[in-house]
There are 4 protein chains.
Amino acid sequence: MKALEDHAKPTIIETTDAIVRVTRTTICGTDLHILRGDLPSCKPGRILGHEGVGVIDSVGSGVNAFKAGDRVLISCVSACGRCEFCRKGMFSHCTTGGWILGNTIDGTQAEFVRTPHADTSLYPIPEGTDEEALVMLSDILPTGFECGVLNGKVQPGSTVAIVGAGPIGLAALLTAQFYSPGEIIMIDLDDNRLEVAKRFGATQTINSGDGKAVEALMKLTDNRGVDTAIEAVGIPATFELCQQLVAAGGVIANIGVHGLPVTLHLESLWDRNISITTRLVDTFCTPMLLNVLKAGKIDPKLLITHRFKLTDILEAYETFENAARTKALKVIIEA
Amino acid sequence: MKALEDHAKPTIIETTDAIVRVTRTTICGTDLHILRGDLPSCKPGRILGHEGVGVIDSVGSGVNAFKAGDRVLISCVSACGRCEFCRKGMFSHCTTGGWILGNTIDGTQAEFVRTPHADTSLYPIPEGTDEEALVMLSDILPTGFECGVLNGKVQPGSTVAIVGAGPIGLAALLTAQFYSPGEIIMIDLDDNRLEVAKRFGATQTINSGDGKAVEALMKLTDNRGVDTAIEAVGIPATFELCQQLVAAGGVIANIGVHGLPVTLHLESLWDRNISITTRLVDTFCTPMLLNVLKAGKIDPKLLITHRFKLTDILEAYETFENAARTKALKVIIEA
Amino acid sequence: MKALEDHAKPTIIETTDAIVRVTRTTICGTDLHILRGDLPSCKPGRILGHEGVGVIDSVGSGVNAFKAGDRVLISCVSACGRCEFCRKGMFSHCTTGGWILGNTIDGTQAEFVRTPHADTSLYPIPEGTDEEALVMLSDILPTGFECGVLNGKVQPGSTVAIVGAGPIGLAALLTAQFYSPGEIIMIDLDDNRLEVAKRFGATQTINSGDGKAVEALMKLTDNRGVDTAIEAVGIPATFELCQQLVAAGGVIANIGVHGLPVTLHLESLWDRNISITTRLVDTFCTPMLLNVLKAGKIDPKLLITHRFKLTDILEAYETFENAARTKALKVIIEA
Amino acid sequence: MKALEDHAKPTIIETTDAIVRVTRTTICGTDLHILRGDLPSCKPGRILGHEGVGVIDSVGSGVNAFKAGDRVLISCVSACGRCEFCRKGMFSHCTTGGWILGNTIDGTQAEFVRTPHADTSLYPIPEGTDEEALVMLSDILPTGFECGVLNGKVQPGSTVAIVGAGPIGLAALLTAQFYSPGEIIMIDLDDNRLEVAKRFGATQTINSGDGKAVEALMKLTDNRGVDTAIEAVGIPATFELCQQLVAAGGVIANIGVHGLPVTLHLESLWDRNISITTRLVDTFCTPMLLNVLKAGKIDPKLLITHRFKLTDILEAYETFENAARTKALKVIIEA
């Protein structure tokens, strides 16, 4: 059950912490997974939220890169920069960080948040940047890019299918275009979202409601299938679909948060030279995304459909949860 | 059912064919799969066998690289060198080749074999090379290397588990050592094969018969799991085991020929940043293997346990099929 | 000295040859190098030209993929698909091919041309494709892409400088955008070409005529230099400039045909973690370019400024050689 | 001029510093470069030395991974783990670190040393490790491996030439064998060092004193040249030699510290598809080296020829500088 509660303002615990006054945050599909009980790591009473921008309120003695008053982007992943995993750029599995905000520690859907490993988990906001756009760089764009596009090895001229046209599928769609694929085929059950996908750059769309998505896609690809199939839903049926769409030599890049096992058809895939990848976002691409944003190569605000005050956060959840009716993608929550 | 039959000597069909007099061949685990009916592509009456060395008997008018009398290594994969897949080095999926020998066309377990795309599917045998050793370069070593070691991204100092110490698992073990991993942990049910694995370079072995292989491996790896888990059996239980062994950021490289689907635990793997790969061998590494063989970096003959005459091939199958009893790895069949 | 001469129509020599009636060709900067005597491999009397489209006139008995009447794109590189180099995708160094057209054998600036290794060196022209655009896929776009963009590791958000805004530099500029770099800074002495570069997608331009290109670029990049410096001229001064522009960790990708040695400042670069690459185009990317062309991700005709009949080829050369005055980029020569 | 001087014990300056009591250090070829004045970054009065092992004496308040009494390996590169360069693993160019020890700050050839960014620049010494062997992991083995072997893309079965059989060339030789190349050809002027190289695993040696090294190497490689040429000297003549040895498609990996520019023969290399790389070691491979050392895949102590007390360091320098006479490779200096 979700509730708006009064909490004490967080305080510095480790010397490398910062306290950030959150000015804008948002809701993620993962927050809904938590509320449904899919993520046992997150206990009742936790303040949710792992995305946002804000202003530094105070910093611990070990923080060198920021000071009170600095405007910052909060990454959904906290990274110490020093452990075995951070040393190889796999920040998602930082031994004292990773995705902990709004999961194992209190998150950003609040007036203030304590951010661990501040030097390596916050980013200074460049002068003149639109802060609403930046909220999309906390999680959804890095996740779509790293877990979907990079893992999926999207290439100039290649063929991509994205299964699921929700916010994360659309984030993959926006960032896939960094690599100029020849075709991006978007598959969903909701015609409205497929319409949005067209506006965002999908070259083809398939409504899979008739159970004939595979036939439709094979027709579009001369029976070859796709070089990259991006799973952006998180249920067995959509992962199954990806296995049927992927061409020999291709990749299935999983983004979805799965609560159940799936069936893997090794009896037909063992000799197809494919890869399947999973990933919790490392957010190593955040500096790159800041560059492409500055260069005008992407418009993250396309993803924002609604805006709420923090005090109306329950209404924001209501809107976000009922996306089929409200046509919500990402909602901005302002403090 | 298998049988030794009298066949007409094959003749040139395409100008790019060669007829090879087979001097030595062998039996592959895949041949047993075929005899069990697991590979519907292979029809009754087919001459099996996709490995071997021999002497060119005749060549079609379009063959430039070989002439009658040349001694050659026969690759298990036929590649035209011209199609979309060959152009990107994915010879296994050549549109007019791939693994067809002893599958969709007659194979090498015979006195003569027709080899399509001869220029790009045969290799000249360097002066003075041991031809028995070369039989191991037709399939088993390239498969262990490409599907297991390369796909598995074995690296200096990394930790590898190989599930299955049969001939193909042992081929992965031999070729994994090209990259100097820190640990190679071999897992099997047969103590004899684990003993062989020790001699071939395994740093640790685990007999999984007690159902406690995961605990044993976690103890050996400080609870980290392995960077690379190579599946070299081809049944659901061993693929399941690989999912439990692989560390965050690691790879499961499937070599096994699977006849059944498997369960993929995305509910626990979605955020573990792993890859799963499948592959039919491309044999693109054959020139490299000829180089390391010449340099003495590998001894393929370690894999050879028995020798038979072609006329005794049924006995060879009997020996190969009952490996637990006969301790057979690879058997050489001489014409 | 160049001349328009009467030659006998070429005939099939090898079974893998095709004779192509050339319908459109063009002139390359390399042709000018040849006329100046910079390429000793090319002997007097040679018909120049290694680019073009045409119609198959006849094929040798070993050609399977094409027949008389087929419309084809002629690659500047002939590749057997079978030798050691072709097997690893390094077609430029094919032991019986590579760049031989209009170099060591007669080329495409003629009514007919003999194309060796036809199956692997010609591409079928997809129905409805603009054949003028395709002429740009014989050499200039693959060269700009492979030698400049791919070797230069252009990445989303990265910073690129291209030294030389001639046709090849502009081809690099067009294809660099496949990867959505954050900045593409074009450097040349000719304001007209820099103006063209702006229209083609350069984010910044620098006229290096004042000898202050380095200062100007460092100002544009916060003194970091560029991740990728593409040399698209071929003289010591421009290669020297690239060494001054490249950031620590960056790449200098050489495209230019050099006639002289250059000075490499290892005394300042030894600890800068840079790479320098050279490359004769392999044209392995031709299928990809056909895909992006079909997808409308590139407009190769932007490069075409003039059109001539084959009988007016001397005038075409005159126009192409005096580009500063004529503003010529690529010229189309129609049969 | 070098001198043994009395200095005050260093003290913590930044909270992330540690003071280490040095128990073993060594002398690097770079120290000789400094003494000759080749590295202007290093000013007179500086304590030299960037290698060694020791015991933590004290740590700043921001150091979490170490405490007084811990035995540690000192990396030659200090890395903050937080800057733009560290985030991408390019620790050598850390904006507040990099190679500073014994260069821009006092180094390890002393009883105590201040090590900045201690958490990310020191490594705990595993129980039971031979500390002399570990001194080889501060600089020489990571440098040989990263700058020579990794940059040089040494592969199973490939052909490698190492120009220079001094300590750093031998370190490249030892670590190249992690990848099982087919040939490692060592080139030097000193027969003694070539003899050592043979013992360390070189498959061929060439004394280049007769000016015929190119001919000799081409004979050994069937006129192909080598896939990887590692420059391990740092003078124009040896870099020139590498350009003559490298095969089409190959890499020249520079390790040498160069004081002078070199001539790059682009007039013959522009179409040879080669790469040239430079690098200051990032020491990102230190954890891997600790793994291979533990696994017994390398014996770093092969490099150690002499041992001295710290008070005899001038004699150690004398021995190291006159290697042709003393046959010194690496010298251990014990406190």
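The values are calculated or read from the model by the stated rules, or taken from the named source; none is laboratory data. Computed from a predicted model, the values in this text were never measured in an experiment. Every residue, glycine among them, receives a Cβ derived from its backbone with ideal geometry; neighbour counts consider all protein chains shown. Heavy atoms of the whole protein, side chains included, go into the accessibility calculation; ligands, DNA and RNA do not. Shrake-Rupley method; radii C 1.70, N 1.55, O 1.52, S 1.80 Å.
Quick look at the numbers
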item: Above-threshold pairs, the threshold being 19 Å between Cα atoms, out of B:Lys198/B:Lys301; C:Lys301/C:Lys330; A:Lys219/C:Lys294; A:Lys294/C:Lys301; result: A:Lys294/C:Lys301
item: The stretch A:10-131: relative contact order as a whole-number percent, Cα under 8 Å and 6+ apart; result: 34
item: Relative contact order (%) - chain C, alpha-carbon pairs under 8 angstrom, separation at least six; result: 18
item: Cα-based Rg / Dmax (Å) for the stretch A:34-96; result: 14.6, 39
item: Distant-in-sequence amide H partners of B:Leu48 (H built 1.01 Å from N, under 5 Å); result: B:Gly107, B:Gln109
item: Å³ per residue enclosed by the Cα convex hull of the stretch B:109-263; result: 151
item: 1.4 Å probe accessible area per residue over the protein assembly as shown, in Å²; result: 37
item: Value in Å of the Kirkwood radius, where the stretch C:177-248 supplies the Cα pairs that are averaged; result: 12.5
item: Principal semi-axes in Å for the stretch A:231-335 [√(5λ), Cα gyration tensor, largest first]; result: 34, 21, 12
item: Those residues of the stretch C:225-258 for which accessible area with every protein chain present is at least 40 Å² below the isolated value (1.4 Å probe); result: C:Ala248, C:His258
item: Most to least packed among D:118-125, A:247-254, B:170-177, C:10-17 [average Cβ atoms within 10 Å]; result: B:170-177, A:247-254, D:118-125, C:10-17
item: Surface accessible to a 1.4 Å probe, A:Ile56 within the full protein complex, Å²; result: 10
item: Cβ nearest the rotation axis (A onto C), residue from chain A and distance to the nearest whole Å; result: A:Tyr179, 3
item: Extreme residue, positive dipole direction of the stretch D:137-226, given options D:Thr143, D:Ala216, D:Gly182 (C-beta unit charges); result: D:Gly182
item: Within-14-Å neighbourhood charge of D:Lys219 [Cβ basis; K, R +1; D, E -1]; result: -2
item: Trypsin sites (Lys or Arg not before Pro) restricted to DSSP loop in the stretch B:39-108 with at most 12 other C-beta within 10 Å; result: B:Lys67
item: Between C and D, accessible area buried - total, square angstrom, nearest 100, 1.4 angstrom probe; result: 3000
item: Net charge over other residues, Cβ less than 13 angstrom from the Cβ of C:Val113 (K, R count +1; D, E count -1); result: 0
item: Interface residues, the stretch C:123-163 - accessible area loss of 40 Å² or more versus chain alone, probe 1.4 Å; result: C:Pro156, C:Gly157
item: Label distances, nm, D:Asn192 versus same residue in remaining copies, Cβ-directed 7 Å point; result: 5.6, 6.8, 8.3
item: Carbon plus sulfur fraction of accessible area for the stretch C:11-100, probe 1.4 Å, in percent; result: 53
item: Length-normalised contact order for the stretch C:131-196 - Cα pairs under 8 Å, 6+ apart - percent; result: 36
item: Inter-chain shielding of D:84-94 (mean C-beta neighbours from other protein chains, 10 Å cut-off); result: 4
item: Averaged over D:272-285, number of beta-carbon atoms from partner chains that fall within 10 Å; result: 6
item: Per-residue average of Cβ from other chains inside 10 Å of C:179-185; result: 5
item: Cα-based Kirkwood hydrodynamic radius, the protein assembly as shown, one decimal, Å; result: 33.2
